[in-house]
Amino acid sequence: MSVGPVLSLRDVSVSVPGRGARGARALAVDRVSVDIAAGEVLGIVGESGAGKSLLASAVTGLLPPRAGLSGGEVWIAGARVDHLPEARLRRLRGRVVGTVFQDPLGALNPLMTIGAQLAETIAVHLPLSRSAARQRAAEALAEVGIPAPADRLGCYPHELSGGMRQRVGIALALCAAPALLIADEPTTALDVSVQAQILALLKRLCRDRGMAVMLITHDMGVIAETADRIAVLYAGRLVETGPVRDVLDTPCHPYTDGLVAAVPRIDGRPGRLAQIPGAMPPPGARPAGCAFHPRCALARDRCRKDPAPEVAAAGGRAACWFPCRSLPARTDP
Amino acid sequence: MLVSVPVFASADGPMTGLVRLTGVTRHFDPSPRGPGRILARPRPAPLTAVADVSLSIPEGTVYGLVGESGSGKSTLGRLVAGLLAPSSGRIEVAGRDPQGANAAAIGIQMIFQDPAASLNPRWRVGDIVTEPVAARGRVPRGLAERLLVQVGLDPADRGKFPRAFSGGQQQRIAIARALSANPRLVICDEPTSALDVSVQAQVLNLISDLRRDLGLTCLFISHDLAVIRHMADRVGVLYQGRLVEEAAAGTLFAAPRHPYTRMLLDAVPRLDGGGGRAGLRAGDIPDAVPAPTGCVFHPRCRVAVARCASERPALRAAACGRVACHLA
């Protein structure tokens with residue numbers, strides 16, 4: 001299975017409780033299919049509530065208590081994992097799938113030195129002695145660009161800056177050399193200069209280790225700088241996916257188009273920004289037809305009635321009745 | 001649409017403007033509160049959040065304040081709003097000290113980053129938006145409805161509670177509240193940082209429209225350089241509490257003079273993939289306590305020379321602005 005994708009999601013749906021005591025369960029993630037190959041960064045972008053983090057949680061089987069996988073298949077390195085018992089999933093986490101969280105302070109134990117946390121994680125996954133695990137921990141810190149790593153092992157998380165903590169978070173995720181790294185808003189809490197360092201680090205690790213990276217962010221700029229391919233989520237549905245340059249330069253779905261146009265640009269002219277009217281509906285309150293139609297300037301009657309079909313888009317695919325760019329000649333059968 | 005900004009700032013200090021800051025410094029005492037304060041040995045040195053800042057904001061213009069976390073942006077905003085007193089230096093808004101009750105009388109209002117936290121969850125929206133007026137007298141009939149319409153909300157929603165609204169709508173409510181007392185100066189502290197990009201565009205456009213229609217003066221604080229580019233006429237760059245560069249927005253973004261400004265601009269991720277360069281030395285922002293000698297930026301600066309470590313550069317006049325760098 002070395003040539004297949006590291007991660008393959010097939011029609012994955014996640015349901016959450018509906019509003020109110022008797023509300024029907026609603027789909028927060030609705031039949032999403034994406035693949036990530038080794039050495040590739042897939043950027044998942046969408047507004048808050050679009051289902052980005054739930055999709056990532058579905059991969060590791062760490063969905064919140066009231067949410068559940070309600071359909072689809074999750075394949076990691078050629079093995080189906082969505083029906084594995086908890087004990088098997090625990091062994092998968094960390095060893096096969098590493099996770100980097102948004103808030104590095106919340107992801108680290110404030111009462112343990114970072115050396116102890118790293119050594120503990122390494123000891124769980126690798127058959128190493130304590131001193132060897134500590135040695136490996138120092139190597140892990142060096143790999144993520146922490147200066148004087150041996151001295152830093154004795155530091156507590158609060159003694160490190162935000163950027164250094166996030167490096168420790170990445171080192172922790174990489175302890176057991178996972179095939180897939182899930183980075184959920186890894187730089188949202190960081191300053192722009194530190195963000196640039198962390199994103200460069202993720203890119204380098206992805207290339208050097210041939211790791212698959214799922215990068216979740218709401219920041220289109222971060223995606224443009226870091227990802228190879230992009231998947232745009234809206235109201236739980238995958239609305240457009242393709243190579244990052246194709247999608248950002250010639251977006252086919254009106255939502256992608258609107259998102260790209262709404263980003264303030266540092267080299268742009270001051271003045272009005274393009275805006276998408278309205279707001280994304282929560283799960284359970286999604287309109288019939290295409291979920292984006294109430295905010296779409298191009299919507300016609302058909303969009304209000306029938307779910308949008310998947311069509312070929314610039315280098316990828318989009319879910320839209322009336323894409324805003326003329327399509328390439330090739331269409332899917 | 002943009003108001004042209006007269007060149008007003010000289011090296012020895014700003015002379016005109018609705019807002020005038022002269023040598024403003026603010027220290028905080030980082031020692032623990034309570035009994036621990038007496039026991040703390042050694043007593044920590046005071047943290048200087050804002051150091052010797054002089055600037056001026058002409059009426060009807062937007063002054064953008066940009067910097068990383070811990071640079072003192074928000075402290076400066078709170079000083080101008082009269083919510084904090086300067087340790088030294090002078091702040092004047094419309095010729096008066098904004099401290100205490102003066103802020104409301106002058107017409108200073110603030111819009112905060114987190115709209116959910118800045119709206120009282122137990123108050124109805126109609127009461128929230130008219131509160132600045134109610135605090136000083138009787139609320140005219142229909143004011144709440146007029147304000148809600150002005151920010152693009154349904155006036156029929158005045159009886160709802162804040163939780164019934166999305167983040168973008170809550171920020172509109174906060175904007176309506178700031179507008180209710182006919183402010184002269186609105187201090188926006190990261191007003192869109194908690195919002196998604198499509199909603200951010202709506203709120204930024206709303207602030208632009210209101211500012212143009214009402215002739216508002218704005219102090220616009222953000223860590224996001226692209227947002228500042230869109231909103232500000234004039235931009236000040238703060239680093240560890242010091243103004244390191246100031247210029248008209250067009251000049252600053254086209255030809256940044258200070259190495260810190262250049263580093264910030266290079267680090268911004270761009271949609272064309274041509275940004276996101278980590279152009280700084282290994283390591284992070286050093287602690288503000290103790291402040292480095294010489295130029296505050298020299299430990300991270302790529303072009304620093306020996307002089308930068310020993311001698312603090314003065315903020316001096318440069319092409320349409322001011323810059324504090326020996327080499328600029």
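Taking 19 Å as the cut-off, the amide N atoms of region B:86-102 that come nearer than this to a point 7 Å along the Cα-to-beta-carbon line of B:His27 belong to B:86-91. Relative to the Cα centre, the charge distribution of region B:195-328, modelled as +1 at Lys and Arg Cβ and -1 at Asp and Glu Cβ, gives a dipole magnitude of about 560 debye.
Simple rule: put +1 on each Lys or Arg Cβ and -1 on each Asp or Glu Cβ in region A:37-92, find the dipole, and look at A:Leu84, A:Ser48, A:Leu63; the Cα lying farthest toward the positive end is A:Leu84.
Orientation-averaged projection of region A:259-326 equals 6.2 nm² [convex hull of Cα atoms, one quarter of hull surface area].
Between A:Val14, A:Val59, A:Val34, the residue with the greatest mean-square fluctuation in the GNM of chain A (Cα pairs under 10 Å linked by springs) is A:Val34. The listed residues A:Trp321, A:Trp75 rank as A:Trp75, A:Trp321 when sorted by accessible area, largest first, using a 1.4 Å probe. Only the Cβ atoms of Lys and Arg (+1) and of Asp and Glu (-1) were treated as charged; on that basis the dipole of region A:205-333 about its Cα centre amounts to roughly 340 debye.
Arrange the peptides A:104-111, A:273-280 so that the one whose residues have, on average, the most other Cβ atoms within 10 Å appears first.
A:273-280, A:104-111
Ordering B:Leu243, B:Gln200, B:Ser222 by Cα displacement along the dipole of region B:189-256 toward the positive end leaves B:Leu243 in first place; charges were set at the Cβ atoms of Lys, Arg (+1) and Asp, Glu (-1). Of the peptides B:78-90, B:210-222, A:35-47, the order by per-residue mean of other Cβ atoms within 10 Å, starting with the highest, comes out as A:35-47, B:210-222, B:78-90. For the protein assembly as shown, the square roots a ≥ b ≥ c of the C-alpha gyration tensor eigenvalues yield an a/c of 1.5 or more together with a/b not exceeding b/c, which makes the shape oblate. Other protein chain C-beta atoms within 10 Å of residue C-beta, averaged over A:217-223: 4. The share of C-alpha pairs in chain A whose separation exceeds 28 Å stands at 44 percent. Computed over the alpha-carbon pairs of chain B, the distance histogram in 20 Å steps reads 30, 56, 14, 0 percent, short to long.
Using a 1.4 Å probe and counting only protein heavy atoms, how much accessible surface gets buried when A and B come together, both sides summed, in Å² to the nearest 100?
Answer for the A-B pair: about 3500 Å² buried.
In the protein assembly as shown, the DSSP beta bridges split such that about 60 percent are antiparallel, to the nearest 5. Normalised by 2.2 N^0.38 Å, where N is the number of residues, the alpha-carbon radius of gyration of region B:23-115 equals 1.26.
Amide H contacts under 5 Å for A:Gly71: A:Ser13, restricted to partners 5 or more places along the chain or on a different chain, H placed in the peptide plane at 1.01 Å from N.
Rounded to the nearest 0.05, what FRET efficiency do B:Arg212 and B:Thr16 give with R0 = 25 Å and r taken as the Cβ-Cβ distance? Could you check?
Between B:Arg212 and B:Thr16 the formula returns 0.70.
For B:Lys160, which aspartates and glutamates qualify as cross-link partners when the Cα separation must be under 14 Å and same-chain residues fewer than eight apart are set aside? Qualifying aspartates and glutamates at Cα under 14 Å: B:Asp127, B:Glu145.
Shape of region A:12-162 from its Cα gyration tensor (a ≥ b ≥ c, root eigenvalues): rounded if a/c is under 1.5, otherwise prolate when a/b > b/c, or oblate? Cα axes put region A:12-162 in the prolate bin. Net charge dipole, chain A: roughly 660 debye, given to the nearest 20, about the Cα centre with Cβ charges of +1 for Lys and Arg and -1 for Asp and Glu.
Quick check: from the Cα gyration tensor, does region B:86-168 come out rounded (a/c under 1.5), prolate or oblate? It is prolate, given that a/c is not under 1.5 and a/b is the larger ratio. For the pair B:Val303 and A:Arg88, label points projected 7 Å from Cα toward Cβ lie 6.0 nm apart.
Sorted on the mean count of surrounding Cβ atoms within 10 Å across their residues, most packed first, peptides A:153-164, B:116-127 read A:153-164, B:116-127. When the charge dipole of the protein assembly as shown is built from unit charges on Cβ atoms (+1 for Lys and Arg, -1 for Asp and Glu) and taken about the Cα centre, the candidate among B:Ala104, B:Thr16, A:Gly145 whose Cα reaches farthest toward its positive end is B:Ala104.
The values are calculated or read from the model by the stated rules, or taken from the named source; none is laboratory data. What you see is a predicted model, and the numbers here were worked out from it, not measured in a lab. Virtual Cβ from ideal backbone geometry, glycine too; neighbours counted across all protein chains shown. We work out accessible area using only protein heavy atoms, side chains counted, and drop any ligands, DNA or RNA first. Shrake-Rupley method; radii C 1.70, N 1.55, O 1.52, S 1.80 Å.
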